Amino acid sequence: MSDIYVIGDLHGNLNAYYENLKSLSLIDDKGKWIGKNCICIFLGDILADRHTNGIDILLKIREIKKNAEKNNCQIQLISGNHDYKALLYLFTKSEYTSYKGTFKGLIEFKKFASDDFQNCNDFDKLRNDSKNIIYNMKNSDKGKNLIEIIKTYKLVYRSGSILFIHTNPTYEILNIILDKGIDYINGIFNKGVASLIHEEKPINNSLMKEFFYISNIFLLGNRRRNLPNYEKEYIYNNIYDIGIDTIINGHNGFGGLVDRFDKLKVIDIDYSFGKKIGEFENERSILKIINGEIFIGAEKYKISK
């Protein structure tokens, strides 16, 4: 089994991106990939969040993927609710009036806006230029590269007995994994994202209906709490029966081992949006799985089996 390195929510913070990866010895001081024989998983909330460098982070992830593959490494990118809502912001008519604070990063799409909107600092007003933003994304090298990496997002990833998702594991998320399977879920998500971006004609309405249904379960449920006990026994036991004994997520900011039920563990590693240049990551932002042992943060806090 390859060693696994997990990065919690980056919230569009470029400094957190660098310091997280450096603290895991995956990149050097110049940002070049140096990891070997491993899997690196980003747990989402990169775009459209509290900071405004999500686009740059995604483009850097695209760059390091090439060297990672040469070093026998995989990079897996899981969508967060903010990444998903960035797509809804650009390609649908979803309302955003209640998201002023935590969706500040939406304003960075002005990089692709027309001249009249280059100095716009209100993402509601910027949305009036969405047609030009989409056109410029599709017809510039930077935009094409961004679209390429966005289309690699997954909703869920599994390695051995460990499941990786963005939010806390709600009953609905775990139940649809049991019902549909991981490959099916990710397949619908990838096809739906591609359809949104490229506005394929004719629109496959049944595909898009299922895309929104599944995506909303994973990313808009927003139940920031553990499962109640009356739900745990059934759903956790069934998840364990398909060989999963650990669930790792971001999103909440709880940090560390947040739930244990019989043989199943739930671990949260959110919160790096407040990081400053030069500081080591706090204990909730990164996680390592080395030889099957789980360690949280730069201090290698060990999770017992």
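What to note about this one:
- Residues (β-branched (Val, Ile, Thr), touching a Phe, Trp or Tyr at 6+ places or on another chain (Cβ under 8 Å) and over 24 Å from Leu220 (Cβ atoms)) located in the range 29-56: Ile39
- Test for Asn72: is it part of a loop (DSSP other than H, G, I, E, B), farther than 25 Å from Val156 by Cβ and not hydrophobic (A, V, I, L, M, F, W, C): no
- Residues being surrounded by fewer than 20 Cβ atoms within 10 Å (Cβ to Cβ), farther than 18 Å from Glu19 by Cα and over 16 Å from the mean Cα position of the chain (by Cα) - total across the range 37-84: 7
- Conditions (1) at pLDDT 95 or above; (2) surrounded by 18 or more Cβ atoms within 10 Å (Cβ to Cβ): number failed by Phe103: (1)
- So Gly243, is it at pLDDT 85 or above and either of a type outside the set (Ser, Thr, Tyr) or in contact with a strand residue (DSSP E or B) (Cβ under 8 Å, 6 or more places away or on another chain) (or both): yes
- Restricting the range 248-267 to residues that are in contact (Cβ under 8 Å) with a residue 40 or more places away in the chain, closer than 14 Å to Thr170 by Cα and of a type outside the set (S, T, N, Q), the residue that is surrounded by the fewest Cβ atoms within 10 Å (Cβ to Cβ): Val258
- Test: Gly278 is at positive phi, at pLDDT below 60 and assigned to a loop (DSSP other than H, G, I, E, B): yes
- For the range 210-236, the set of residues classified as under 18 Å from Ile176 (Cβ atoms), of a type in the set (D, E, K, R), within 24 Å of the chain's Cα centre (by Cα) and at pLDDT below 95 consists of Arg223 only.
The values are calculated or read from the model by the stated rules, or taken from the named source; none is laboratory data. Remember, it's a predicted structure, so these values are computed and weren't measured experimentally. Neighbour counts run over all protein chains shown; Cβ positions are idealised from the backbone, glycine included.
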